[in-house]
Amino acid sequence: MLQLIRKDIAFNRKWALLLVLVAILMPPVFYIDRQESRLILWVYIIGGVLANSHFVSRSCYLDDNAQTRGFLASLPVRKAQLVLSKYLLGLLCMVVSIGLTSLSAVALGLYPGLRGALIASVYLLLYYAIFLGVFFRFDYGSAEKANAALQMLAILSAFVIDRSGGGLDGLAVAPAALPAAAAAGLMIYAASAALSIRAASRFCRRGRGDAKA
């Protein structure tokens with residue numbers, strides 16, 4: 001399964017580089033003020049979604065054709081491993097992007113708290129759970145529509161919260177709510193992976209070239 005992840009990284013090197021660059025550059029580019037609430041909204045949420053939306057999406061795009069699916073089906077790996085490799089890749093991208101964004105913010109003297117990483121992780125877990133779930137259950141075209149909708153939803157939610165009184169600081173959130181939300185996000189992510197594994201046989205049989213065959 002690690003070889004499948006390395007394959008995705010090798011075939012999508014420029015998109016992996018883009019993820020790294022966006023994660024590092026978002027804090028200085030969108031450095032509006034030193035309020036942690038705005039840093040979370042416009043850097044962790046928007047930056048995190050933008051940084052993650054291209055790499056895994058491109059990886060799925062390359063896999064979504066009849067020849068690639070035939071090649072993947074011929075590999076000495078289980079279909080479940082093909083699915084889980086994408087979900088592990090999503091987790092890897094999430095950890096790398098949040099980690100690099102945090103280091104970049106620290107370099108600016110912002111010292112973001114754990115809240116930003118938790119909120120970003122909830123957004124990204126739900127993003128990948130929906131995107132990958134749609135991809136394996138249906139096809140890349142449907143997943144890309146979900147991708148666009150999820151990006152717009154992230155931007156809209158951040159804008160609404162930012163324009164509300166006090167932004168994130170004005171939201172009444174219990175201290176234990178964010179860890180609980182992150183745990184719920186992981187459970188949803190695992191459930192999405194389980195459902196995608198059930199659709200693995202269909203995943204290996206279809207592709208963009210199937211209609212022409």
Requested in this report: Would you please list the contacts, defined by Cβ atoms under 8 Å and residues six or more apart or on different chains, that run from a residue in region 14-26 that is at pLDDT 85 or above to a residue that is assigned to a helix (DSSP H, G or I) and among the basic types (K, R)?
Outcome: W15/R58
Query raised in the report: Here is a list of conditions, (1) within 14 Å of the chain's Cα centre (by Cα); (2) farther than 14 Å from M1 by Cβ; (3) modelled with pLDDT of 85 or more; (4) not polar (S, T, N, Q), and L100 meets all of them except one; can you say which number that is?
Result: (1)
Requested in this report: Quick one: which residue in A158, A146 is at pLDDT 75 or above, of a type in the set (A, V, I, L, M) and part of a helix (DSSP H, G or I)?
Outcome: A146
Report task. Could you run through region 81-118 and say how many residues are β-branched (V, I, T) and either open to solvent by 20 Å² or more (accessible area, probe 1.4 Å) or at positive phi (or both)? Result -> 4
Query raised in the report: Can you spot a residue in region 50-66 that is under 17 Å from the mean Cα position of the chain (by Cα), closer than 30 Å to A158 by Cα and modelled with pLDDT under 75?
Result: yes
Query raised in the report: Does any residue of region 34-44 turn out to be at pLDDT 85 or above, touching a helix residue (DSSP H, G or I) at 6+ places or on another chain (Cβ under 9 Å) and open to solvent by 30 Å² or more (accessible area, probe 1.4 Å)?
Result: no
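The values are calculated or read from the model by the stated rules, or taken from the named source; none is laboratory data. Given the structure is predicted, the values throughout are model-derived calculations rather than measurements. When we count neighbours, we look across all protein chains shown, and the Cβ atoms used for this are built from the backbone with ideal geometry, even at glycine. What goes into the accessible areas is simple: the full protein's heavy atoms, side chains included, and nothing from ligands, DNA or RNA. Shrake-Rupley method; radii C 1.70, N 1.55, O 1.52, S 1.80 Å.
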